Ligand code: HEM
């Protein structure tokens, strides 16, 4: 057995259907929301409810991320250990931890920012609790800056994460990307 086959054997275990569904649903919604937010900050308005959609989907992303984290902590996930060089594994784990952190903090900072500005988005028709009632309209510029900076950092990290996944797939020929793809897209 050559080295490539051995390391690929360690990657044979696929992600579960729920994990795959949550990964790609959240990935798609996050990327759309980042594009929507960036367009808005460049004053590019494509349709009248663009900001409303951004806020509502931010709240849905937050709810989905909470479900995903609970699922992650309560289920076994495929490991990377030994399948890629140790330095890349440390980087991948640190990157994934940061992605979870930003999946929570980007929508949370947005919610706190709009609540301080006096708007409270709804979830399933219900108003959300005011997360930081001690913040006021005078804090809005700093909160907006925080939300935007975190979102830019998030977009950069997603780009790095995507490039790494494509490198493992096309250059290293590892199953890292294949094992998180929906079954109908796996050609093997
Ligand atoms: C086209 C874009 C994307 C590609 C190609 C991609 C690819 C991948 C791959 C291959 C893995 C599995 C790594 C492994 O086997 O350990 C993974 C895991 C992960 N991805 Fe992505 N991803 C993308 C977008 C995103 C986005 C937008 C986010 C954040 C919202 C994200 C968050 C994560 C997280 C947190 C994990 C770790 C899952 C876990 O094991 O807990 N990904 N991604």
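At a Förster distance of 41 Å, what's the computed FRET efficiency of residue 51 paired with residue 87, Cβ-Cβ distance as r, to 0.05?
On the way: r = 42 Å, r/R0 = 1.02.
The value I calculate is 0.45.
Order of 106, 178, 30, 67 from fewest to most other C-beta atoms within 10 Å?
By the 10 Å Cβ count, ascending, the order reads 67, 178, 30, 106.
Which residue fluctuates the most in the chain, going by a Gaussian network model with Cα springs under 10 Å, if the choices are 176, 59, 35?
35
Estimate the FRET efficiency between residue 183 and residue 120 by the formula 1/(1 + (r/R0)^6), using the beta-carbon distance for r and 41 Å for R0, to the nearest 0.05.
Rounded to the nearest 0.05, the efficiency is 0.50.
I want to check the label-to-label distance for residue 23 and residue 97. Put each point 7 Å from Cα in the C-beta direction and report it in nm to one decimal.
Once both label points are built, they end up 2.0 nm from each other.
Which value in deg cm²/dmol, rounded to the nearest 500, describes the helix-derived mean residue ellipticity at 222 nm for the chain, given -39,500 (n - 2.57) per DSSP H run of n ≥ 4 and division by the residue count?
After summing the helix terms and dividing by residue count, I get -21500 deg cm²/dmol.
Please state the relative contact order of the chain as a whole percent: Cα pairs under 8 Å, 6+ residues apart?
29
For 156, 162, what's the fewest-to-most ordering of other Cβ within 10 Å of each Cβ?
Least to most surrounded, the residues fall as 156, 162.
Given springs between every Cα pair under 10 Å in a Gaussian network model of the chain, which of 104, 62, 46 has the largest fluctuation?
Among 104, 62, 46, the largest GNM mean-square fluctuation belongs to 46.
Who wins for biggest fluctuation among 105, 136, 148 in a Gaussian network model of the chain, springs between alpha carbons below 10 Å?
Judging by the Gaussian network model, the answer is 136.
With a Förster radius of 41 Å, plug the Cβ-Cβ distance of residue 159 and residue 136 into 1/(1 + (r/R0)^6) and report the FRET value to the nearest 0.05.
It comes out at approximately 0.70.
Values quoted throughout were computed directly from the atomic coordinates according to the rules given, and no laboratory measurement underlies them. All figures in this text were calculated on a predicted structure; none of them were measured in a lab. FYI the Cβ positions are ideal-geometry reconstructions off the backbone, even for glycines, and counts take in every protein chain you see.
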